[in-house]
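Right, one structure below, let's go through it.
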Amino acid sequence: MMNLNAVFQYFTNGMDLGTFLQHLTNGISLGSLYALVAIGYTMVYGTLRLINFAHGDVFMMTTYFAFYGVSTFMLPWYVSFILAVILTGALGMLLEKGAYRPLRNAPKISIMISAIGASFLLENLAVVLFGGRPKAFPSVKVLTDSVQFGSVSIQKLTFVIPIVTIIFLFGLLYLLNHTKTGMAMRAVAKDYETAGIMGVNVNLTISQTFAIGSMLAAVGGIMWGLKFPQIAPLMGVMPGLKAFIAAVIGGIGNIKGAVIGGFILGIGEIMIVAFLPSLSGYRDAFAFVFLIVILLFKPTGITGEKIAEKV
Amino acid sequence: MLKIENLNVAYGGIEALKGISIEVEEGKIVTLVGANGAGKSTVLRSIMGLVKPKTGNITYHGKNLLAVKRHDIVKNGITLVPEGRRVFPDMTVLENLKLGAFTRKDQKEIKKDIDWVYTLFSRLKEREWQLAGTLSGGEQQMLAVGRALMSRPKLLMMDEPSLGLAPMIVKDIFNIIREIHSQGMTILLIEQNANAALHIADVGYVIETGLITLKGTGKELLANEDVKKAYLGESVIKLKA
């Protein structure tokens, strides 16, 4: 172990293996959160060709739902979390119905402006309803405890987050590829007019897409709240932006791409700070610089949405 | 079976259909021929509920079709093979066929119908697991027809099934239309290839800038001088009636 560590330190500028692994697990769990939120962006984009700017704010709303469930309604944390996820799904559907559906046949710019408006609405609504002062997210001892690995102690949450993410990801892929609802979603995403001819209820399917995307963001939001237990009305902006960047980096419209993008961004962000502590002030800038580089050299993202050949 | 009366459709300020009436009788092949932009596709799109007519009626077995929701039209036994095939490119052939049967729940019968489509189009069977986007144009057209058949329609509407296909394949497609028709399907066919369409049609309508200018049996229209001049002049495909 000593030797391995020495070799490792030689390559990593003095960082020992334990610390590195700690950073890596941190990066993976942050990346998982970005991935969960990014999936929502990519699903909505795939279906409506719309960047749902309110997605980050939907993510924020979840944390408040969970907060009030535990603090005001005195629900056990798991009940409150499940309710928060369901409520967020409903919020996503409401958002689609109120802000996007009436504009479905309008020029793309109108629906984009509507998305920005919806984002501001949710943020300010949160300020009015919940107050602008940050609140403490309920802590769940079972999840936030630390476990000891030799010399390093790691929060259980660091493992829970990627595991939960992977479970939901496989659930989503199963839904999309092996169920009728999923088939309808893929069909609507590709060509909603033809899907309608086949008898697919297009409005319902788009609603379901929003519900699922929002619920995944909700799961991400709750785990975000557990990891960084301070919630505020504007807390969704930065994670939302970064998840959006993750979706673009991975290739927007592609779910696997969103996940890959999320992990790259999460790990990259943590590693930059770990290896170049002097740049830690630029932590958030990393995502944006990376986005610019990707857009310059591979504008369709890493996986690149398949563009159907027109035969 | 299907009756269109005084249908008037406008896109923005432009009138695509200026009050046309068409009747499709059960068991017949009815065709609409006409030039690009005459309004042929608009007729089919109105029937499917994809465009909202300004005025006019569409009734199907006496039922007002304009009041039926878009996704319920197929449940009434009407389906459309859209122009340009519109198969789902990143789904397999099999998935495309299953989508055609989206509103049906009788799994056993769906399986049987998939086999039936494969007997009609043996090429699709060979390519069952291939992504539809990788098929040739002709194969995609076969898939589009097969997908439409999967809903077990009583009225099959086809929008330019020969568009962009090689003459050999066009011939195949028309043979298949006849084959399907001989199994009892009512067909409403739109074609720029007027010659081929009129050869297989029982009834034909000539549509010009949103108006029906001629109606007759396929044979009558084929013999009509005006039709010959306007639509049959240079056709290279000869089909025996």
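Laboratory data are not the source of any read-out in this text; all were calculated from the coordinates shown. Owing to the predicted nature of the structure, the values given are computational and were not obtained by experimental measurement. Virtual Cβ from ideal backbone geometry, glycine too; neighbours counted across all protein chains shown.
Here are the numbers for this structure:
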read-out	value
Long-range lysine pairs (8 or more apart or interchain), segment A:24-297, Cα under 15 Å	4
Percent of Cα-Cα distances greater than 28 Å, calculated over chain B	30
Computed FRET value (nearest 0.05) for B:Lys105 with B:Ala223, which takes r as the C-beta separation and R₀ as 41 Å	0.30
Simple spin-label estimate for A:Leu17 and B:Trp116 in nanometres, 7 Å along Cα-Cβ	6.6
Computed FRET value (nearest 0.05) for A:Ile302 with B:Trp129, which takes r as the C-beta separation and R₀ as 30 Å	0.70
Whole-Hz ³J(HN,Hα) from phi, Karplus 6.51 cos²θ - 1.76 cosθ + 1.60, for segment B:153-159, glycine and proline x	x, 9, 10, 9, 10, 10, 9
Value in Å of the Kirkwood radius, where chain A supplies the Cα pairs that are averaged	20.3
Residue of A:Tyr192, A:Tyr78, A:Tyr68 that the Gaussian network model of chain A assigns the largest fluctuation, springs spanning Cα pairs under 10 Å	A:Tyr78
Isotropically averaged projected area of the protein assembly as shown, using the convex hull of Cα atoms (one quarter of hull area), nm²	31.1
Projected label distance in nm at B:Gln183 and B:Asn64, using a 7 Å step from Cα toward the beta-carbon	3.5
Residues whose placed amide H lies under 5 Å from that of B:Thr217, excluding near-sequence neighbours	B:Gly204
Nearest-ten-degree value, helix B:107-120 long axis tilted from longest Cα axis of chain B	70
Folded to 0 to 90 degrees: helix A:255-275 orientation relative to chain A principal axis, Cα	30
Chain B: angle of helix B:137-149 to the longest principal axis, Cα-based, in degrees nearest 10	90
